[in-house]
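Here the structure is laid out as structure tokens; the discussion comes afterwards.
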Amino acid sequence: RVIRRIGQCRIVVTGSYQAGVFALSQGIPTVALAGSGYYLDKMSGLADQFGEGCHVVAVNASLSAAHLQEAIASAWDSAERVRPALLARAADQVERGRAAYARLLDIVRTSRDGRGDVYCGDIGSGPPGEDGRRDSLQER
């Protein structure tokens with residue numbers, strides 16, 4: 001429900017990485033608030049991935065109301081113009097993810113032992129597979 005609601009916005013102002021991803025991937029410009037070095041790195045990564053539609057604002061002692069208002073106004077004014085580029089970048093990222101998982105599946109398939117299972121070691125967590133073993137990864 002949250003993702004759908006975000007998609008109805010013109011812009012999103014957030015300190016949450018996930019909310020930023022949800023917005024940007026639906027073509028919604030985002031003002032990403034970062035209150036620590038950790039979040040500044042995360043939000044800057046979003047800006048690197050999505051470009052102009054992600055405005056990173058460091059929330060620190062030097063942040064002025066005028067600077068925040070400027071970022072919000074910029075996002076608002078550019079919303080319609082940047083939407084197609086944001087959607088294209090999101091689609092590209094989805095395709096890259098699919099390609100990476102397809103490559104991983106190819107690697108797993110070529111690494112199989114003779115029974116069709118891939119040996120992963122005894123990790124000892126989670127329920128055993130259908131064959132009763134905890135040390136196999138099965139294709140699903």
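Which of rounded, prolate or oblate describes the stretch 42-103 when judged by the alpha-carbon gyration tensor and an a/c cut-off of 1.5?
In terms of gyration-tensor shape, oblate.
Please say if the stretch 1-123 is rounded, prolate or oblate, where rounded means a/c under 1.5 for a ≥ b ≥ c the square roots of the C-alpha gyration tensor eigenvalues, and otherwise the choice is prolate for a/b larger than b/c and oblate otherwise?
prolate
List the residues whose amide H sits under 5 Å from the amide H of Val57, counting only those 5 or more places along or on another chain, with H placed 1.01 Å from N in the peptide plane.
Amide H neighbours of Val57: Ala32, Leu33, Ala34.
If you plug each phi of the stretch 2-10 into the Karplus form 6.51 cos²θ - 1.76 cosθ + 1.60 with θ = phi - 60°, what whole-Hz ³J(HN,Hα) values come out, in order, with x for Gly and Pro?
4, 4, 4, 5, 4, x, 8, 7, 7
In nanometres, what is the gap between the two model label sites at Ser64 and Lys42, each 7 Å from Cα along Cα-to-Cβ?
So the label points at Ser64 and Lys42 sit 2.9 nm apart.
Find how much the distance from Ser78 to Ser111 grows on full extension, using 0.36 nm per residue of separation minus their present alpha carbon separation; answer in nm with one decimal.
7.0 nm
Throughout, read-outs are computed from the coordinates displayed, never taken from laboratory work. Just so we're clear, the structure is a prediction, and the values are computed from it rather than from any experiment. Using ideal geometry, Cβ is built from the backbone for each residue, glycine included, and neighbour counts are taken over all protein chains shown.
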